[in-house]
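Visitor: Please see the structure below; I have some questions.
Just so it is clear, none of the values below were taken in a lab; they were calculated from the coordinates. The structure presented is a predicted model; accordingly, all values stated were derived computationally and were not measured. Ideal geometry is used to build each Cβ from the backbone, glycine not excepted, and the neighbour counts take in all protein chains shown.
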Amino acid sequence: MGKLSALFIVNIISLIAIACGQCFVDEKISQSMYITWGDQHSYMSADGEELQYGLDKSSVENLYFYILAGSAVQSKYEYLFGTIEMQIKLVPGDSAGTVTAYYLSSTGVYHDEIDFEFLGNRTGQPYIIHTNVYTQGKGSREEQFYPWFDPSADFHNYTIQWEPNKIVWYIDGLPIRVFRNYENRGIPFPNKQGMKVYSSLWNADNWATRGGREKIDWNRSPFKAGLRRFRARTYKWNGPTSKYQCGPGDLLENVFNKLNFGQSKKDLSNNQMGQMKWVRDNYMIYDYCKDTMRFKGQMPSECYMQQY
Ligand SMILES: *[C@@H]1O[C@H](CO)[C@@H](O)[C@H](O)[C@H]1NC(C)=O
Ligand SMILES: *[C@@H]1O[C@H](CO)[C@@H](O)[C@H](O)[C@H]1NC(C)=O
């Protein structure tokens with residue numbers, strides 16, 4: 001790209017950014033998240049990037065945001081579209097029966113939800129990375145993967161890219177799943193209500209590990225997971241009128257598309273498609289669209305359409 005056109009684009013970006021000042025957010029964890037339960041010994045790092053959270057002093061050795069069995073955080077605001085990024089280090093060792101969740105959700109019966117959930121396991125046995133999407137209260141769209149790395153040894157980047165035409169789940173930059181907008185074919189898409197970001201760690205030993213056969217070993221508690229560098233590059237949602245607050249009469253969706261220069265209309269690149277194929281060929285363990293027994297042959301309609 002020539003220098004001139006680069007300059008031109010930079011200018012357009014700043015113009016739109018000014019116009020959108022009220023609704024675009026790019027916030028640190030300290031500005032955007034708060035603890036909803038179990039907040040003993042919580043501590044925010046000076047730069048506001050990391051929140052440390054522990055049950056006892058001995059667990060407070062690093063600048064991580066610890067969540068303990070039965071604790072949760074959520075964002076202060078609701079968002080509509082954008083990129084939600086979180087680095088997570090899962091419970092190490094014997095994590096059987098625990099579930100660490102990181103998801104976007106709206107409220108009410110017809111709620112929308114976009115999920116990452118991590119199902120723990122006995123020491124040395126693999127976690128399951130569970131994904132799902134609810135639209136207008138309807139879920140049952142699970143896809144599950146084994147991690148290709150040890151998710152408890154280090155922090156990894158789990159990103160949800162929520163755009164008007166599709167949702168993409170990424171792990172360390174590799175796309176693992178896509179949910180396309182087929183609203184014009186009668187399948188609801190999450191684009192009419194804001195969602196908050198939530199993260200929690202809880203006891204789910206009635207179903208999480210080997211279908212509930214492996215129970216939590218409470219002698220191992222407290223269980224700790226770390227969260228850091230949460231980034232929501234999103235639009236703040238203040239109810240249905242926020243659709244219009246980014247510009248005169250402009251729909252948030254249009255503004256989003258302008259800001260992203262039509263990126264969101266784009267499919268994944270060939271390179272990204274290759275990456276996703278590698279993950280799905282080698283690490284995918286469950287795909288609802290292949291579960292004909294469960295749906296008794298009446299597969300959800302999106303299963304008949306191009307998925308990514
Ligand atoms: C995390 O992954 C997303 C999606 O690929 C990427 O945009 C972002 O830059 C990554 N963040 C870091 C800190 O590497
Ligand atoms: C736990 O390990 C068992 C045995 O390797 C495996 O079948 C299962 O998928 C693993 N993950 C969970 C969450 O159950």
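Visitor: By count of other Cβ within 10 Å, fewest leading, how are 142, 78 ordered?
Guide: Working: 142 16, 78 21.
The fewest-first ordering by Cβ neighbours comes to 142, 78.
Visitor: How much FRET efficiency would the formula 1/(1 + (r/R0)^6) give for residue 157 and residue 293, where r is the Cβ-Cβ distance and R0 is 25 Å, rounded to 0.05?
Guide: Computed FRET efficiency for residue 157 and residue 293: 0.10.
Visitor: So for each of 273-283, 170-180 I average, over its residues, the number of other beta carbons within 10 Å; can you give me the resulting order with the highest mean first? Let's see the in-between values first.
Guide: On the way: 273-283: 14.3, 170-180: 18.5.
Result, highest mean first: 170-180, 273-283.
Visitor: Computed FRET efficiency, Cβ-Cβ of residue 219 and residue 149, R0 35 Å: what is it to the nearest 0.05? Please list the in-between numbers first.
Guide: Details: r = 27 Å, r/R0 = 0.78.
The computed FRET efficiency comes out at 0.80.
Visitor: Would you mind putting 211-221, 108-118, 83-93 in packing order, based on average other-beta-carbon counts within 10 Å, highest first?
Guide: 83-93, 108-118, 211-221
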